[in-house]
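Remarks on the structure that follows.
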Amino acid sequence: MKKIIVGIFVFMLIIATTLPAIGNINQQLNKKNKFLYEKTKNDYVPGEFIVKFTRDSDLLSSSTKALNDKYHIKSIQKIFKRAEGTILDNIYLLIVPEDSNILSIIKDYVSCTDVIYAEPNYNGELPLIPDDEYFIFQWNLNNSGQFGGTPDADIDATDAWNITTGNPSIIIASVDTGVDYTHPDLSDRIWENEDEIPGNGFDDDGNGFIDDTCGWDFCENDNEPLDREGHGTYCAGIHGAVTNNLIGIAGVDWNSKTMVLRCYNRTSWQESWYAQGIVYAADNGADIINIEICYSSYPYLIEDVVNYAYGKGAYLLAPAGNWNESSPRYPAGFDNVTAVGATNQFDERCDEDDWGPGKGSNWGNGLDIAAPGQWIGSTTPTYPDYERYPQMPMYYCQPGESGTSAAAPHVAGVAALLLSVNPSLNADELKSLICDNVDPYTSTYYIGTGRINAYKALMALYGKIYCEGNLVWNDVKAGSTVTGSFFIKNNGGNGSLLDWGISKKPVWGDWSITPSSGNNLETGVPLIINVIVKAPLKKNMDYEGEIIIKNKNNPDDFCTLDVSMSVPRNKPFDSQFNFFRWLFENFPNTFPLLRYILGLSYSKLFV
């Protein structure tokens, strides 16, 4: 009997320890096979696929080697050569004969216990961009109703520039088709790798790239990421064209630098190229990474690199896509990326009326923010030309002139303005400031919390004053002292700081307020303000007034506390009080008067 009990106990112990492991394996397999259940619209590179192995596995383990032999692997290339100890370790690009059935091969690899995931080397879909003639008025920055638009349906850039025009220490990485870094309206805004000596043929900074003075071309694997398609130059002009220089257009940010990463060419836009571009940006100090690509399939490699870049402190954003649907596109659909939809000059969601049949800003709960994306003028590689507004009725717009690609750089530019004021802001704080301080748009479809507003986001960075308290004193004796307190709080976005001061207090009484001003009040933590007041001498009065606390950086932002005090006359005679006490307190001359009338004196009275 004792053996049976012991056996049952051992059996139950085995089940208890095995079931969680089985659950973990099933969860891993579900993740690895996710792409097989998705509707794939993108093509992938023939003869190539991506595999991430477990950290403990050997690339040449017996199970892996058997698969490699079975499918005649021609080449195995580690995608990130300096990724030891990070989530990017053990990720490889495998090359097979071009006529191989990639999906069938991947099914075998994902079933291998040494593999975390396997996927094709996807080609992404590049969102549409404007390709029209000269555009004179940038309604997106300052909408006065040009082209029939709605006045003030813009990002309030001119108001924002009164606060800041940016800082050259802020770096925006353009993960795109490259940039024409010789363009006269862009050349002064291009990032320079100060740790690299140009043209000496050496990797001076030891980052694995030779003579990468302004970025890298991952399509050609060289140090000349010059734009051949136009998309990257167009987007770079929106977020960072040279401004106030008498030529061309204005950028959202006047001073930030653009790191150039070419990851797309006319024939291919491989996932591995974009992944390497994102990692380069994160490793080389980019503060903001604008990823101009859309994948309809779930790209695990891009997810890994996005999380890697986010972990290094970068703020990432991407266009939501131009297919007028709610299906998520990636990387915009990832949690650590801000997904950007597009609005027109009427503050409406861009739809088929703007872009043509089957086109429009993608929508759905996965979007975070909207920005102007219709008829946005910007730079082209064939300088000094610029993308131009069509010389046609304002209500007519052919597909290809606009897109969420144009919307995303607006967000990048506003993020750069915010960082120029407070460089310590992290990615989550930037996202909060941008997405919580917006203008409304018109749409039955959700494209984010609102349309981006640069001025509101910057003002929120300076904090928002809030105060509360009860400063009411009743039956106060004239000339006596009373005390009280109230609190102020910074209700601005995460990462905002508040500079405040008392701008008004009642003119009656003698007031002491401590502290009466302060700087850099962080969000959410109440600050207690102590009040001491010496009551006025005038009796039988009800005194009223207010205390006003102002945001020093925003004259339109203040809060008010009502204050009141009653100073009555001394209490009238009551039978419970001594008559003479009442008499002498209220009529102090009574005793001398009585003395005179009675003809008495102290000497006669007490002798």
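FYI, it's all coordinate maths here, none of it is from the lab. Computed from a predicted model, the values in this text were never measured in an experiment. Positions of Cβ are backbone-derived with ideal geometry, glycine not excepted, and every protein chain shown enters the neighbour counts.
A straight chain from residue 72 to residue 478 at 0.36 nm per residue would run longer than the Cα-Cα distance by 136.3 nm. Take 293-301, 146-154 and order them by the average number of nearby Cβ atoms within 10 Å per residue, most first; the result is 293-301, 146-154. About the centre of its Cα atoms, the stretch 250-301 shows a dipole size close to 200 debye [charges on the beta carbon of Lys, Arg (+1) and Asp, Glu (-1) only; nearest 20 debye]. Taken as Cα centroids, the stretch 46-71 and the stretch 98-120 sit 9 Å apart, rounded to the nearest whole angstrom.
Quotient of the Cα radius of gyration of the stretch 60-129 and 2.2 N^0.38 Å, N being its number of residues: 1.26.
Just how many pairs of Lys in the stretch 146-461 have C-alpha atoms closer than 25 Å, counting pairs that are eight or more places apart or on different chains? So the count works out to 5. The residues neighbouring residue 181, those whose beta-carbon lies less than 12 Å from its own, together hold a net charge of -4 under the Lys/Arg +1, Asp/Glu -1 convention. Calculation over all alpha carbon pairs of the stretch 465-567 in 10 angstrom steps from 0 returns a P(r) of 15, 46, 25, 12, 2 percent. Taking every lysine pair in the stretch 488-546 that is 8 or more places apart or spans two chains, those with Cα atoms closer than 20 Å amount to 5.
Toward the positive end of the charge dipole of the stretch 33-122, with +1 on the Cβ of Lys and Arg and -1 on the Cβ of Asp and Glu, the farthest Cα among 103, 59, 121 is that of 121.
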